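Working notes, structure below.
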Amino acid sequence: MLELYQFELSQYSEKVRLILDYKGLEYRKIEVTPGIGQVELFRLTGQRQVPVLKDGNKYIADSTKIAKYLDSKYPERPLIPIDSKQRGLCLLIEEWADESIGNKSRKALFSAISQDQNFRRSLLPTTTPDVLKTLVQGVPNDVLQVLGFGVGYSPDVISSALTDLKQDLEALTLLLADSPYLVGDEPTLADLAVAGLSILLKFPDGPYLDLPVTLRGKGVPGLADNPVYEPFFAWRDRLYAQFRRPLTSFTTTGTGNAPTSIQIE
């Protein structure tokens with residue numbers, strides 16, 4: 001069986017999970033939690049980022065490389081169109097989504113959790129002890145802002161990311177106004193990439209992520225609750241309802257041999 005080394009709230013991991021579901025492939029999730037354990041994955045793959053897909057004795061890192069590998073190895077329900085113009089557009093949108101929505105959505109989510117104590121507490125894994133949840137909830141907002149500076153998330157950077165994301169969501173909403181998908185009449189890698197990468201902006205309504213039920217359909221204020229972008233998120237959730245299997249269909253595994261501290265791609 002295919003194995004996916006992943007982080008549950010990594011939008012790049014979600015992109016791969018959505019692709020695997022779309023192709024109808026069975027796989028086992030191996031959750032990689034922050035802490036110690038980078039060495040094992042580095043030994044296996046030569047790098048420390050997730051997602052990493054294991055197929056037999058082969059390890060494939062990077063969500064785009066995984067998508068192309070799956071399309072080559074498991075060609076049923078192809079991700080990339082044959083038509084040259086549609087193929088080019090599909091690959092262009094996928095790369096853009098990785099660099100734009102993928103990167104900027106992390107900054108937008110950081111802004112949201114910095115301002116909302118209950119939100120950041122709710123984002124902790126369900127197995128987190130209550131005492132630790134309370135501790136995280138009590139971290140002052142100004143402390144989080146200092147931490148943000150440490151990883152390059154200054155207020156100006158976050159503001160710029162939010163402005164760009166508003167334009168991105170507006171553009172996607174316009175593209176989907178009279179078309180069921182971003183490229184042609186069938187789903188492609190472009191659609192699955194955009195949909196999967198958007199989870200940090202607004203969590204899906206269904207049971208697809210290991211999050212409290214109260215967070216389903218919630219997201220970054222000004223984006224998730226903006227009626228202008230509602231058609232886009234409605235499209236995304238329809239795509240999920242059609243192709244994404246519920247969380248209960250999978251087994252999440254964390255073994256003693258699995259790495260436990262991996263940088264998110």
(request) Sequence neighbours fewer than 8 away in the same chain don't count; with that in mind, list the lysines whose C-alpha is under 17 Å from residue 65. (result) 15, 23, 54, 73
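In nm, what is the difference between 0.36 nm times the number of residues separating residue 26 and residue 42 and their Cα-Cα distance? Working shown, then result.
Working: separation 16, 0.36 × 16 = 5.76 nm, distance 2.48 nm.
Taking 0.36 nm per residue and subtracting the Cα distance, the gain is 3.3 nm.
What ranking do 65-73, 80-88 get when scored by the average of other Cβ atoms within 10 Å per residue, highest first?
65-73, 80-88
Please rank 17, 77, 43, fewest neighbouring Cβ atoms within 10 Å first, as an exposure proxy.
Working: 17 25, 77 15, 43 9.
Least to most surrounded, the residues fall as 43, 77, 17.
Values in this text are rule-based calculations from the coordinates and carry no lab data. If you're wondering where the values come from, they're calculated on a predicted model, not measured in any experiment. Backbone-built Cβ (ideal geometry, glycine too); neighbour counts: all protein chains shown.
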